[in-house]
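Let me begin by presenting the structure, written as structure tokens, before commenting on it.
The values are calculated or read from the model by the stated rules, or taken from the named source; none is laboratory data. Since this is a predicted model, take the numbers as computed values, not measurements. FYI the Cβ positions are ideal-geometry reconstructions off the backbone, even for glycines, and counts take in every protein chain you see. Ligands, DNA and RNA are stripped out before the accessible areas are found, and what is left, the full protein with its side chains, is counted by its heavy atoms. Shrake-Rupley method; radii C 1.70, N 1.55, O 1.52, S 1.80 Å.
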Amino acid sequence: MSSGASRGRCTPRSDAVHSRAVARIDLGAIERNCARLPKPLCAVVKANAYGHGMVAVAEAALAGGAAWLAVATADEAAELRAAGAGAPLLVMGALTSDELRTAVEADADVVAWTDEVADAAPRVHVKLDTGMGRLGTKDRELALRLAARSNAVGLMTHFATADEPGDVHFPAQLAAFGEFTDEVGRDDLIVHAANSAAALRDRGSHFDMVRCGIAVYGLDPFQEGPDAHGLEPALSLHSWVASLRRLAPGESAGYGRRWRADEPTWLATIPIGYGDGWRRALTNNSDVLIRGRRHPLVGAVSMDNVTVALGADTDVELGDEVVLIGRQGDERILVEEVARRIGTINYEVTTGLLPRVRREPVR
Ligand SMILES: Cc1ncc(COP(=O)(O)O)c(C=O)c1O
């Protein structure tokens, strides 16, 4: 370690980092992922576009060839309209009567599986529950009756296990949905079922439109990595080395002394924590990239900071850029790796990044 490490640099060294924790969103990657996915494409941008920033992502998805946008809530639809989105919009979630009014005022289509919703909305997509066991009706007669109404514009279902190649439930759901659409027998309805996994796995699930979320963001619905599907991760997560100290053997880092140095060790403090959505389960259980090399996160993730061990000697300096998700030099940390370490899925890692992490659109 050069003595420069302890000289007081109090701003990030890299021009890439302008605040404590930044999620950089590559809108070009969003566009290219959409261009690669089957068409017609409905880009699912609910939950702040899986944490990526809804309005900017929606614009990029449409530029990449998406024809529709889907959200979960009426407020999300209203926000997209207020931002000027003119594309057809589908609200997929369950709605209270107030929320239904908001969705209709936003000129959005809604999903219906009851007469009440079908009575109150000008355009509905009738949802048959073919085995997801969540939303939609299992009552085929009701679904057929709703599908015969003049305000029915779509038929849909949702798969429970499309991300588990080789399972038998997915083909059974697909067959049940195919039989239902045949029985409805209207060719003026938009028929849609496929999420990202189904869209990537089985052409027979595409019908008239695919509804892709996770793949739009360049993340793998099968939790391995994006390369196999030619997708590009759009989100990278950056922070900076805000403090450096040298620990003697036996000295510890952070709450609960969950890690202790067993040799003289340089320790970097990075200003990101579970208050930003960097989960506490990553305590002693993840790496970050600094100067193109992996370093282990050591000690407890706290609300605003994490600590990283740099070894007995290091060239890392105050102000260096830290990458928690993404590439630096020849190294790369995928969202799928972070998810695997804490027993969750990539969806939850990006969606769980909190508003305190600034979203910075780039191209
Ligand atoms: C009804 C529905 N369709 C499509 C999607 C998109 O799924 P994915 O992100 O796996 O592509 C979702 C996401 O949860 C959904 O709830």
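Label ARG134 and ALA87 with points 7 Å out from Cα along Cα→Cβ: what is the distance between them in nm?
It works out to 2.1 nm between the two label points.
How much of the accessible area of the chain, in percent, comes from carbon and sulfur atoms when a 1.4 Å probe is used?
Looking at the chain in its full context, I get 50 percent from C and S.
Please arrange ILE214, ILE345 by accessible surface area, largest first, computed with a 1.4 Å probe and ligands excluded.
ILE345, ILE214
Would you calculate a helix-derived [θ] at 222 nm for the chain, using -39,500 (n - 2.57) for each DSSP H run of n ≥ 4 and dividing by the full residue count, to the nearest 500?
-7000 deg cm²/dmol
Evaluate the charge dipole of the chain about its Cα centre and quote only its size in Debye, nearest 20, assuming +1 on the Cβ of each Lys and Arg and -1 on the Cβ of each Asp and Glu. Don't skip to the answer; put the middle values down first.
Numbers: 40 positive and 49 negative charges, 251 e Å.
Roughly 1200 debye, rounded to the nearest 20.
Around GLY311, which amide H atoms from residues at least 5 apart in sequence, or from another chain, sit under 5 Å from its own amide H, with H modelled in the peptide plane?
Sorted by chain and number, the residues that satisfy this are TRP266.
Got a sec? Charge dipole of the range 104-263, +1 on Cβ for Lys and Arg, -1 for Asp and Glu; which of GLN223, GLY254, PHE170 is way out at the positive end?
It is GLY254, whose Cα lies furthest towards the positive end.
Enter the accessible area per residue of the chain (Å², integer; probe 1.4 Å; all protein chains in place).
41 Å²
Cross-link candidates for LYS39: which aspartates and glutamates have Cα within less than 19 Å, leaving aside residues fewer than 8 places away along the same chain?
Partners within reach: GLU31, GLU59, ASP187, ASP188, ASP202, ASP208, ASP220, GLU232.
List every residue whose amide H lies under 5 Å from the amide H of ALA70, counting only residues 5 or more places away in sequence or on a different chain, with H placed 1.01 Å from N in the peptide plane.
Those lying under 5 Å, H to H, from ALA70 are ALA43, VAL44, VAL45, LEU90.
Would you work out which of LEU354, ASN151, THR137 lies farthest towards the positive end of the dipole of the chain? Charges go on Cβ: Lys and Arg +1, Asp and Glu -1.
LEU354
Show me, for the range 239-246, the HN-Hα J-couplings you get by feeding each phi into the Karplus relation (A = 6.51, B = -1.76, C = 1.60, θ = phi - 60°), rounded to Hz, glycine and proline as x.
8, 8, 7, 9, 7, 9, 8, 10
Please check: in the Gaussian network model of the chain (C-alpha springs, under 10 Å), which one of ALA58, ALA72, ALA281 has the largest mean-square fluctuation.
Fluctuation is largest for ALA281.
Would you list which lysines come within 27 Å of LYS138, measuring only between C-alpha atoms, while excluding same-chain residues fewer than 8 positions from it?
LYS46, LYS127
If you average the alpha carbon positions of the range 295-314 and of the range 16-82, how far apart do those two centres end up, in angstrom?
Answer, in whole Å: 33.
Taking the Cα of ARG294, stepping 7 Å toward and past its beta carbon, and measuring to each backbone N in the range 320-335: which are under 19 Å?
322-335
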